[in-house]
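The values are calculated or read from the model by the stated rules, or taken from the named source; none is laboratory data. All of these numbers come straight from a predicted model, not from anything done at the bench. In this analysis, Cβ positions are derived from the backbone assuming ideal geometry, glycine residues included, and neighbour counts consider all displayed protein chains. For accessibility, only protein heavy atoms count, side chains too; no ligands or nucleic acids. Shrake-Rupley method; radii C 1.70, N 1.55, O 1.52, S 1.80 Å.
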Amino acid sequence: MSNVERIRSALRQRIVMGDLTAGTHLNEIALSREFGVSRVPVREAIRALESEGLVESKLHFGSRVSELPAEDAADLFEIREEIERATARKAARHAPREGEVADEEWLATRAEITAILAEGDAALAEKRLDQLVGLNMRFHQAVASLAGSTVLSVLLVTIGGSIERLYKADAPQRSKTSWPEHHTIIDAIDAGDVDAAGNAMAGHVRRSKRSYFRGLPKDEAGPGEG
């Protein structure tokens, strides 16, 4: 792992998990000392986080952890619903039919999903909800891999950090119902049922949206939400 990726990963985790809250200033000098590097990899890591919408930088003001207003969250859920509906449908379309020889890459990704689901089931049963944040994103990215679309995978990665922030904020309320829904989605994909897979994924995202906005104070939820 390069210094840039190491720093990006560490800062990303802190932002997603709420250790670095919205508005927190990212001091390049302090971070370069913490990670034992020059300011160059720190600056590059911050730029990478900007591309995910986790950090915003302004001339003369430096870089800060970005806010996620309710309006932006609503837009994000809508975008995510369309992207993920498409990935689930395409993944189902690529699922091997009975008697077909499955593609090795598809099988490897499908095995990864089985492992992710098992790990998440155990975390949910043991109430280790924080672990579901990363596992949730891994599941959705793996479904995008099953779809075999570079464009859809890149789009999902681009909004991935913001998705994880939303999931973390709502994990205590939504995890008990949201995590099991992943099994329904993958069952439809395995069956090659394109419509059922797309509908299951879209419904999954919509329920997450409703749950997230229900958890916001009424003055933040916005019209039509909550």
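A compact table of results
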| item | result |
| --- | --- |
| Accessible surface, per residue, of the range 89-226 when the full set of protein chains is kept, probe 1.4 Å, Å² | 50 Å² |
| Length released on extending from Glu105 to Asn27, taking residue separation times 0.36 nm less the Cα-Cα span | 23.9 nm |
| In the chain, lysine pairs closer than 14 Å at Cα, eight or more apart or cross-chain | 4 |
| Label-point separation, Val40 to Gln13 (7 Å along Cα→Cβ), nm | 2.6 nm |
| Heavy-atom accessible area order for Phe35, Phe139, largest first, 1.4 Å probe | Phe35, Phe139 |
| The range 19-148, accessible surface, carbon-and-sulfur percent (1.4 angstrom probe) | 50 percent |
| Rounded to the nearest 10 Å², the accessible area of Arg80 at probe 1.4 Å | 10 Å² |
| Per residue solvent-accessible surface (Å²) - the range 18-83, probe of 1.4 Å | 57 Å² |
| Centre separation in Å (Cα based) which lies between the range 140-156 and the range 1-43 | 27 Å |
| Between 0 and 90°, nearest 10: helix 104-125 axis offset from the chain longest Cα axis | 70 degrees |
